[in-house]
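The values are calculated or read from the model by the stated rules, or taken from the named source; none is laboratory data. Keep in mind that what you see is a predicted model, and the values were worked out from it rather than measured. Here the Cβ positions follow ideal geometry from the backbone for every residue, glycine too, while neighbour counts run over all protein chains shown. Just so you know, the surface numbers come from the protein's heavy atoms only, side chains and all, with ligands and any DNA or RNA stripped out. Shrake-Rupley method; radii C 1.70, N 1.55, O 1.52, S 1.80 Å.
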Amino acid sequence: MQLNRLVAFYKTMGDPTRFRIVALLAKGPLHGQAIAGKLGLTAPTITHHLKKLREIHVVYERRDKNTIYFYLNESMIKQQAQVLTQLLEKRGEELGDMVESSLERQKVLENFFTKDGKLKSIPAQRKKKLIVFEHIVKGLKSGKKYEEKELNEYIKQFHDDYATIRREFIINHYMYRENSIYELNPEEMWAKPQ
(Lines give C-alpha, C1' and ligand atoms only; values in the text may rest on other atoms or scores of the structure.)
Protein backbone atom coordinates (compact mmCIF):
# COMPACT_ATOMS: atom_id res chain seq x y z
CA MET A 1 0.00 0.00 0.00
CA GLN A 2 2.78 2.41 0.91
CA LEU A 3 4.44 1.79 -2.46
CA ASN A 4 1.19 2.55 -4.31
CA ARG A 5 0.85 5.81 -2.41
CA LEU A 6 4.44 6.75 -3.16
CA VAL A 7 4.00 6.01 -6.87
CA ALA A 8 0.71 7.95 -7.01
CA PHE A 9 2.37 10.89 -5.25
CA TYR A 10 5.30 11.15 -7.67
CA LYS A 11 3.16 10.42 -10.71
CA THR A 12 0.82 13.26 -9.79
CA MET A 13 3.66 15.60 -8.86
CA GLY A 14 5.37 14.88 -12.20
CA ASP A 15 3.13 17.41 -13.95
CA PRO A 16 4.84 20.83 -14.32
CA THR A 17 1.63 22.78 -13.68
CA ARG A 18 1.01 20.95 -10.41
CA PHE A 19 4.58 21.53 -9.41
CA ARG A 20 4.13 25.27 -10.07
CA ILE A 21 0.90 25.28 -8.01
CA VAL A 22 2.75 23.68 -5.09
CA ALA A 23 5.52 26.27 -5.41
CA LEU A 24 2.92 29.08 -5.27
CA LEU A 25 1.14 27.56 -2.27
CA ALA A 26 4.47 27.19 -0.47
CA LYS A 27 4.37 30.99 -0.09
CA GLY A 28 0.90 30.87 1.49
CA PRO A 29 -2.74 29.95 0.83
CA LEU A 30 -4.46 31.19 -2.35
CA HIS A 31 -7.89 30.87 -3.93
CA GLY A 32 -8.36 29.23 -7.36
CA GLN A 33 -8.74 32.52 -9.29
CA ALA A 34 -5.51 33.88 -7.80
CA ILE A 35 -3.63 30.71 -8.78
CA ALA A 36 -5.10 30.85 -12.31
CA GLY A 37 -4.09 34.52 -12.64
CA LYS A 38 -0.52 33.99 -11.40
CA LEU A 39 0.02 31.01 -13.73
CA GLY A 40 -1.85 32.48 -16.70
CA LEU A 41 -4.19 29.49 -16.91
CA THR A 42 -7.98 29.12 -16.98
CA ALA A 43 -9.96 28.42 -13.81
CA PRO A 44 -11.16 24.96 -15.05
CA THR A 45 -7.53 23.93 -15.69
CA ILE A 46 -6.53 24.99 -12.18
CA THR A 47 -9.58 23.17 -10.74
CA HIS A 48 -8.51 19.98 -12.51
CA HIS A 49 -4.96 20.18 -11.16
CA LEU A 50 -6.08 21.08 -7.65
CA LYS A 51 -8.39 18.05 -7.67
CA LYS A 52 -5.41 15.82 -8.50
CA LEU A 53 -3.33 17.43 -5.75
CA ARG A 54 -6.17 16.93 -3.23
CA GLU A 55 -6.36 13.22 -4.16
CA ILE A 56 -2.79 12.71 -2.99
CA HIS A 57 -3.36 15.01 0.03
CA VAL A 58 -0.80 17.60 -1.02
CA VAL A 59 -3.35 20.41 -0.78
CA TYR A 60 -6.40 20.91 1.36
CA GLU A 61 -9.04 23.61 1.25
CA ARG A 62 -10.80 25.92 3.65
CA ARG A 63 -13.82 28.01 2.89
CA ASP A 64 -13.95 31.67 3.94
CA LYS A 65 -17.49 32.84 3.18
CA ASN A 66 -17.87 32.32 -0.60
CA THR A 67 -14.15 31.82 -1.34
CA ILE A 68 -12.27 28.55 -1.11
CA TYR A 69 -8.60 28.88 -0.17
CA PHE A 70 -6.08 26.17 -0.94
CA TYR A 71 -3.32 25.34 1.50
CA LEU A 72 -0.20 23.29 1.06
CA ASN A 73 -0.03 20.15 3.19
CA GLU A 74 3.67 20.43 3.94
CA SER A 75 3.71 17.44 6.27
CA MET A 76 2.55 15.15 3.42
CA ILE A 77 5.28 16.42 1.11
CA LYS A 78 7.91 15.99 3.82
CA GLN A 79 6.62 12.49 4.60
CA GLN A 80 6.82 11.39 0.94
CA ALA A 81 10.28 12.91 0.58
CA GLN A 82 11.38 11.07 3.74
CA VAL A 83 10.08 7.75 2.41
CA LEU A 84 11.95 8.26 -0.87
CA THR A 85 15.11 9.26 1.00
CA GLN A 86 14.90 6.12 3.14
CA LEU A 87 14.50 3.98 0.02
CA LEU A 88 17.51 5.63 -1.57
CA GLU A 89 19.61 5.26 1.57
CA LYS A 90 18.67 1.58 1.85
CA ARG A 91 19.50 1.04 -1.83
CA GLY A 92 22.72 3.00 -1.36
CA GLU A 93 23.72 0.72 1.51
CA GLU A 94 22.97 -2.35 -0.64
CA LEU A 95 25.00 -0.93 -3.52
CA GLY A 96 27.83 -0.10 -1.13
CA ASP A 97 27.79 -3.67 0.19
CA MET A 98 27.80 -5.03 -3.36
CA VAL A 99 30.76 -2.84 -4.36
CA GLU A 100 32.67 -3.77 -1.20
CA SER A 101 31.94 -7.47 -1.77
CA SER A 102 33.03 -7.19 -5.41
CA LEU A 103 36.29 -5.47 -4.44
CA GLU A 104 37.00 -8.08 -1.77
CA ARG A 105 36.29 -10.87 -4.27
CA GLN A 106 38.63 -9.29 -6.82
CA LYS A 107 41.39 -8.98 -4.22
CA VAL A 108 41.06 -12.66 -3.25
CA LEU A 109 41.22 -13.75 -6.90
CA GLU A 110 44.30 -11.58 -7.51
CA ASN A 111 46.02 -12.99 -4.41
CA PHE A 112 45.33 -16.66 -5.13
CA PHE A 113 45.58 -16.85 -8.92
CA THR A 114 48.59 -16.22 -11.12
CA LYS A 115 48.30 -13.94 -14.14
CA ASP A 116 47.81 -16.99 -16.38
CA GLY A 117 44.89 -18.26 -14.23
CA LYS A 118 46.63 -20.94 -12.16
CA LEU A 119 45.61 -21.36 -8.53
CA LYS A 120 48.69 -20.71 -6.37
CA SER A 121 47.26 -22.54 -3.34
CA ILE A 122 43.89 -23.51 -1.92
CA PRO A 123 42.94 -20.90 0.69
CA ALA A 124 42.61 -22.05 4.31
CA GLN A 125 39.92 -19.49 5.19
CA ARG A 126 36.45 -20.75 4.19
CA LYS A 127 35.25 -17.43 2.76
CA LYS A 128 38.27 -17.11 0.47
CA LYS A 129 38.07 -20.79 -0.44
CA LEU A 130 34.46 -20.38 -1.57
CA ILE A 131 35.33 -17.32 -3.67
CA VAL A 132 38.10 -19.33 -5.36
CA PHE A 133 35.93 -22.41 -5.98
CA GLU A 134 33.05 -20.33 -7.32
CA HIS A 135 35.47 -18.69 -9.74
CA ILE A 136 36.66 -22.09 -10.97
CA VAL A 137 33.21 -23.65 -11.21
CA LYS A 138 31.86 -20.74 -13.28
CA GLY A 139 33.72 -22.18 -16.28
CA LEU A 140 31.57 -25.32 -16.24
CA LYS A 141 28.35 -25.56 -18.25
CA SER A 142 25.00 -25.82 -16.50
CA GLY A 143 23.06 -28.95 -17.50
CA LYS A 144 26.13 -30.75 -18.85
CA LYS A 145 27.09 -34.09 -17.32
CA TYR A 146 30.83 -34.46 -16.68
CA GLU A 147 32.62 -37.77 -16.33
CA GLU A 148 35.10 -37.78 -13.46
CA LYS A 149 38.10 -37.88 -15.82
CA GLU A 150 36.78 -34.89 -17.79
CA LEU A 151 36.17 -32.90 -14.59
CA ASN A 152 39.66 -33.78 -13.34
CA GLU A 153 41.19 -32.45 -16.59
CA TYR A 154 39.18 -29.23 -16.25
CA ILE A 155 40.33 -28.70 -12.64
CA LYS A 156 43.97 -29.44 -13.56
CA GLN A 157 43.93 -26.25 -15.66
CA PHE A 158 43.81 -24.40 -12.32
CA HIS A 159 45.53 -26.70 -9.81
CA ASP A 160 47.17 -30.12 -9.66
CA ASP A 161 45.19 -31.27 -6.59
CA TYR A 162 42.07 -32.01 -8.62
CA ALA A 163 40.78 -34.62 -6.11
CA THR A 164 40.58 -32.12 -3.24
CA ILE A 165 38.91 -29.46 -5.39
CA ARG A 166 36.48 -31.98 -6.90
CA ARG A 167 35.56 -33.11 -3.36
CA GLU A 168 35.07 -29.46 -2.30
CA PHE A 169 32.70 -28.95 -5.27
CA ILE A 170 30.48 -31.70 -3.80
CA ILE A 171 30.82 -30.63 -0.14
CA ASN A 172 29.90 -27.02 -0.98
CA HIS A 173 27.01 -28.02 -3.27
CA TYR A 174 28.46 -26.57 -6.45
CA MET A 175 27.97 -29.98 -8.06
CA TYR A 176 26.39 -33.31 -7.31
CA ARG A 177 27.74 -36.72 -8.17
CA GLU A 178 25.94 -39.88 -9.15
CA ASN A 179 27.76 -42.97 -10.46
CA SER A 180 30.95 -40.94 -11.06
CA ILE A 181 29.02 -38.44 -13.21
CA TYR A 182 29.11 -34.81 -12.05
CA GLU A 183 26.65 -32.02 -12.80
CA LEU A 184 26.36 -28.42 -11.65
CA ASN A 185 23.71 -27.60 -9.06
CA PRO A 186 21.64 -24.41 -9.45
CA GLU A 187 23.54 -21.39 -8.08
CA GLU A 188 20.95 -20.97 -5.30
CA MET A 189 22.28 -24.21 -3.76
CA TRP A 190 25.94 -23.18 -3.79
CA ALA A 191 27.62 -22.40 -0.47
CA LYS A 192 27.96 -18.63 -0.19
CA PRO A 193 30.88 -16.69 1.29
CA GLN A 194 29.53 -14.85 4.36
- request: Give the number of residues within segment 181-194 that are open to solvent by 40 Å² or more (accessible area, probe 1.4 Å) and outside any loop (DSSP other than H, G, I, E, B).
  value: 4
query: Any chance segment 143-156 includes a residue that's crowded, with 17+ Cβ neighbours inside 10 Å and among the β-branched types (Val, Ile, Thr)?
result: yes
message: Just to be sure I understand, how many residues within segment 28-40 are surrounded by 12 or more Cβ atoms within 10 Å (Cβ to Cβ) and either within 41 Å of the chain's Cα centre (by Cα) or in contact (Cβ under 8 Å) with a residue 40 or more places away in the chain (or both)?
response: 4
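Looking at segment 113-128, which of its residues are surrounded by fewer than 19 Cβ atoms within 10 Å (Cβ to Cβ) and assigned to a helix (DSSP H, G or I)? Break it down into steps so the answer makes sense when it comes.
Restricting attention to segment 113-128, the residues satisfying the condition of being surrounded by fewer than 19 Cβ atoms within 10 Å (Cβ to Cβ) are 113-118, 120-127.
Matches in segment 113-128: ARG126, LYS127.
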query: So which residues in segment 45-96 are part of a helix (DSSP H, G or I), open to solvent by 80 Å² or more (accessible area, probe 1.4 Å), modelled with pLDDT of 90 or more and not charged (D, E, K, R)?
result: THR47, HIS48
message: Regarding segment 164-180, can at least one residue be identified that is within 25 Å of LYS115 (Cα to Cα), open to solvent by 60 Å² or more (accessible area, probe 1.4 Å) and outside any helix (DSSP H, G or I)?
response: no
Residues being closer than 14 Å to ILE165 by Cβ and touching a residue at least 40 places away in the same chain (Cβ under 8 Å) - total across segment 129-146: 6
